[in-house]
Amino acid sequence: MHLDELIIGQYFPGNSLLHRADPRLKITAVFIYVAGLFLAGGFAGLLIMAAGLLLALAQARVPPRWLYRSVRPVAALLLLTFLFQLFLHGGPVLGRIGPVPIYRDGAREGGYLALRLLLLVLAGIVLSLTTPPVALTDAFGKMMAPLAKLKVPAYELALMMTIALRFIPTLLMEADRIIKAQAARGASLASGGPARRARALLPVLIPLFILSFKDADELAMAMESRCWRGGKGRTSRRRLRLGPVDAMFALLAAVVVAGGVAIGRTSGF
Amino acid sequence: MMSQPPIISLKSVTFGYPDVRSLALDGVSLEVAAGEFVAVAGANGSGKSTLARLFNGLLLPGAGNVLIDGKNTRDRENLNHIRETVAMVFQNPESQIVAATVGDDIAFGLENLGLPAEQIGLRVQEAGCRFGLAGLLDREPHWLSGGQKQRTVLAGAVAMEPRVLVLDEPASMLDPCSRKEFMALVRDLWQDGTTVVYLSHDMDEVARAPRMIALSEGKVSFDGDPHDFFSREGLMAETNLRPPLAVRLSRFLASAGSKPPALTLAELVKRACA
């Protein structure tokens, strides 16, 4: 896999309102937005919330190609959700696919649930596209910091996230190297049935696991040699302060979610 | 021989790994004075990396003592001071970069020391400029070249302002150009007063150091001037180390008079490299 194809944690650089907003606020906004999606209760509400999200994406100048690439992996799930609901509900017949009737309530419910799922996924994608992974983990660490009083290793959890994100490309590159080395010696990962393909993966996975353990061991040593003693007494290079941009972002997010929920619950559509 | 008090002192140090019959280090005693540049050479398995890990308290000796700036690594209360005093750079930069960006990785050690954010910012900027990373502070590590990655690791170590820098074969994964660049940076640091302990099995790098320690089967088999070491063939054979290219060329030229002359440049190079 080429690194350009990697979606997880992919950041689209920019200077928009979304990009500049405090990552803690953005994470909170995503949680509230998702809650709003479940409270909206009608198409009209979802459409307002979708419009808010699309406006934010346009303002952040995220190219549609990036969105398409991000949504593509869940396209099958969206379609399945729609089709499943399509045949579960009754109501007037809208049309037929061969001998199978399409009911109005099924189409409506399928469309509603698929749209809600799409917006839920998009909200997460917007967060990761407009926030550098390091800012995200930093924000998670800071948001979880009060939990340290309850002996939750908040900082360590945030560091685990950082390291996991940091090593995804490294492991992908190592896997790619192993696959090429095995292919050069005649191994074929792309031919045969599922059982054969699964078996063929073993010579890739075993060296990858060994390399990962070696990397983990060396990383632990490098961290210790640089005075790592856990989160206690540690300071941070990044300081997060709320400013006017954050106030504007919070206001707009509140308008979109509150508007969506209010209209969704009262419009009857 | 040494005018300054030793910043590193090993006294009869022995170390063995579990389930391995032979000792990795066997009765090693040595001293390194503040401001020295010492190259530690040895074939694979000679105990170089084990020695490096003892300097920073990552490993503790089975017998004997390791003193850093007069403090024993066995005492856990000394570990913070020892790790602030001795910074380490290992062979593979890929597995030493902790953070998701160059700047954050340089800051990692400083954050562990509990420095205020302003000071961390300043030191990150300084280290970034010094090691040619100023424009790459927000770059993710997987987009860096091998040389840039190793410079990031070096910058992270140097930003902590250690008195000693221990480098365990840091250039072995670099291309010749990056290796030369990296060595120049290490020399600059030494000239600015940092004590450097450089572990390598590349004899061309070792030969440039003012002092050399050769390890063989966990024991110190030589400690002194590299000129002296490379003029003793028996010692080189005993330690399984090959002389640097310049030494081989000098010997070849010295013995060339007794052989029929090489007729082509290719033949001359072939003979010199044999």
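The values are calculated or read from the model by the stated rules, or taken from the named source; none is laboratory data. Just so it is clear, the structure is predicted and the values come from calculations on it, not from any experiment. With ideal geometry, Cβ positions are generated from the backbone for all residues, glycine too; neighbour counts draw on all protein chains shown. Heavy atoms of the whole protein, side chains included, go into the accessibility calculation; ligands, DNA and RNA do not. Shrake-Rupley method; radii C 1.70, N 1.55, O 1.52, S 1.80 Å.
Quick check, is B:ARG211 basic (Lys, Arg) and within 30 Å of B:HIS227 (Cβ to Cβ)?
Yes: the conditions hold for B:ARG211.
Here is the figure for region A:142-159: residues that are open to solvent by less than 30 Å² (accessible area, probe 1.4 Å) and either in a loop (DSSP other than H, G, I, E, B) or in contact (Cβ under 8 Å) with a residue 60 or more places away in the chain (or both) total 2. Among the candidates A:THR162, A:THR170, the residue that is surrounded by 11 or more Cβ atoms within 10 Å (Cβ to Cβ), closer than 28 Å to B:ASN56 by Cβ, touching a helix residue (DSSP H, G or I) at 6+ places or on another chain (Cβ under 8 Å) and free of Cβ contacts under 8 Å to residues at least 40 places away in the same chain is uniquely A:THR162.
Just so you know, in region A:12-40 the residues that are open to solvent by less than 60 Å² (accessible area, probe 1.4 Å) and assigned to a loop (DSSP other than H, G, I, E, B) include one that is farthest from A:LEU240 (Cα to Cα), and it is A:ALA40.
In this structure, A:ALA175 does not satisfy being surrounded by fewer than 15 Cβ atoms within 10 Å (Cβ to Cβ) and of a type in the set (A, V, I, L, M, F, W, C). Being in contact with a Lys or Arg (Cβ under 9 Å, 6 or more places away or on another chain) and under 27 Å from A:ALA56 (Cβ atoms) is the requirement here; does A:VAL93 meet it? For A:VAL93, the condition - in contact with a Lys or Arg (Cβ under 9 Å, 6 or more places away or on another chain) and under 27 Å from A:ALA56 (Cβ atoms) - is not met. Looking across region A:212-242, just one residue is on the phi > 0 side of the Ramachandran plot and in contact (Cβ under 8 Å) with a residue 40 or more places away in the chain, and that is A:GLY230. The residue that is farthest from A:LEU165 (Cα to Cα), among those in region A:210-221 that are touching a helix residue (DSSP H, G or I) at 6+ places or on another chain (Cβ under 9 Å) and surrounded by 13 or more Cβ atoms within 10 Å (Cβ to Cβ), is A:MET221.
The rows are residues; the columns are (1) open to solvent by 40 Å² or more (accessible area, probe 1.4 Å); (2) in contact with a helix residue (DSSP H, G or I) (Cβ under 9 Å, 6 or more places away or on another chain); (3) without any contact (Cβ under 8 Å) to a residue 24 or more places away in the chain.
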| position | (1), (2), (3) |
| --- | --- |
| A:GLN182 | no, yes, yes |
| A:SER188 | yes, yes, yes |
| A:LEU201 | yes, no, yes |
| A:LEU208 | no, yes, no |
| A:PRO244 | yes, no, yes |
| A:LEU251 | yes, no, yes |
| A:GLY260 | no, yes, no |
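If the condition is being within 13 Å of B:LEU199 (Cα to Cα) and open to solvent by 20 Å² or more (accessible area, probe 1.4 Å), then region B:9-44 contributes B:ALA43, B:ASN44.
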